[in-house]
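See structure below.
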Amino acid sequence: MPIDVLRGYYERGYQAVRQYAGEDAWVVFHDGFRFALTGADEGARVKEDLAPPLSKEQLSEITIWDGFLEGPEYRHVMLDTHIYQTHSEIHQIMDLFDHLDMMKNRLPMMEKMHTHWPVLVGEWSLGQPGRLTDGVGADRTDYVRKLYANLQLELYERLDGWVFWNYKLSPESEAQMPVWSYRASVEQGWLPASFR
């Protein structure tokens, strides 16, 4: 979807919320999976996953969301982003260190976006492509998942909130995919039982 169409939709949505819910209701808009795209990328859907870490100069450039729903006429606006490192082809060939680096490299953009609005990581999980634990051995898989979880939490706790993908799954799904279940991840010790 072209970014101007998405922006127009969100602008109309903001006005509708204000009209029907008043000035104190929060308006949360999703980044359209274009969290780290710069204005130069606007015409093409460039995957942030394939981009190298952003330099300070690149971070100072205007992103496609800069200035959007900002200013004194806009109140209670929050950006929602969903962060996964499991679905794309590039994720399938990355090793553990690549995944950890990719996660750390997102921090500068998250912090930059956070200067514009509160930021909510509205979906995340411990879902990992198979290669992430290749070569670490069964006894180290729990350690890798906990490391991956801790790094994500370290980043997301700097923002305004986060939502794990799902509290629990069906028993069959939870047995096959515990990394997508908050409850199973806590029970396995990959996520802490309590937070700040």
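The values are calculated or read from the model by the stated rules, or taken from the named source; none is laboratory data. Everything numeric here is computed off the predicted structure, so don't read it as measured data. Reconstructed Cβ throughout: ideal geometry from the backbone, glycine too, with neighbour counts over all protein chains shown.
On the phi < 0 side of the Ramachandran plot and in a loop (DSSP other than H, G, I, E, B): which single residue out of L153, L159 fits that description?
Criteria check complete, one pass: L159.
Out of the helices (runs of 4 or more DSSP H) lying entirely within segment 1-94, which hold 1 or more residues that are at pLDDT 75 or above?
3-21, 89-93
Quick check on segment 162-177. Is at least one of its residues in contact with a Leu (Cβ under 9 Å, 6 or more places away or on another chain), assigned to a helix (DSSP H, G or I) and within 20 Å of D80 (Cα to Cα)?
No: zero hits.
If you go through segment 108-150, how many residues are more than 16 Å from the chain's Cα centre (by Cα) and assigned to a helix (DSSP H, G or I)?
Residues in segment 108-150 being more than 16 Å from the chain's Cα centre (by Cα) and assigned to a helix (DSSP H, G or I): 14 in total.
If I go through segment 154-185 residue by residue, how many of them are surrounded by fewer than 15 Cβ atoms within 10 Å (Cβ to Cβ) and among the hydrophobic types (A, V, I, L, M, F, W, C)?
Looking only at that region, the number is 1.
Each row is one residue, and each column tells you yes or no for (1) without any contact (Cβ under 8 Å) to a residue 12 or more places away in the chain; (2) surrounded by 14 or more Cβ atoms within 10 Å (Cβ to Cβ); (3) within 23 Å of Y156 (Cα to Cα); (4) among the aliphatic types (A, V, I, L, M).
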| site | (1), (2), (3), (4) |
| --- | --- |
| I64 | no, yes, yes, yes |
| L69 | no, yes, yes, yes |
| P72 | yes, no, no, no |
| H76 | no, yes, yes, no |
| Y84 | no, yes, yes, no |
| H91 | no, yes, yes, no |
| M94 | no, yes, yes, yes |
| H99 | no, yes, yes, no |
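Quick check on my filter: what residues within segment 108-153 are within 29 Å of W26 (Cα to Cα), surrounded by 15 or more Cβ atoms within 10 Å (Cβ to Cβ) and modelled with pLDDT under 90?
Result: P108, M109, M110, K112, M113, H116.
Cβ-Cβ distance below 7 Å, separation of 6 or more or different chains: which pairs start in segment 8-21 with a residue that is touching a residue at least 60 places away in the same chain (Cβ under 8 Å) and end on one that is part of a helix (DSSP H, G or I) and β-branched (V, I, T)?
Cβ pairs passing all conditions: none.
Which ones in segment 97-113 are of a type in the set (D, E) and over 18 Å from D66 (Cβ atoms)?
If the condition is that a residue be of a type in the set (D, E) and over 18 Å from D66 (Cβ atoms), then D98, D101 are the ones that fit.
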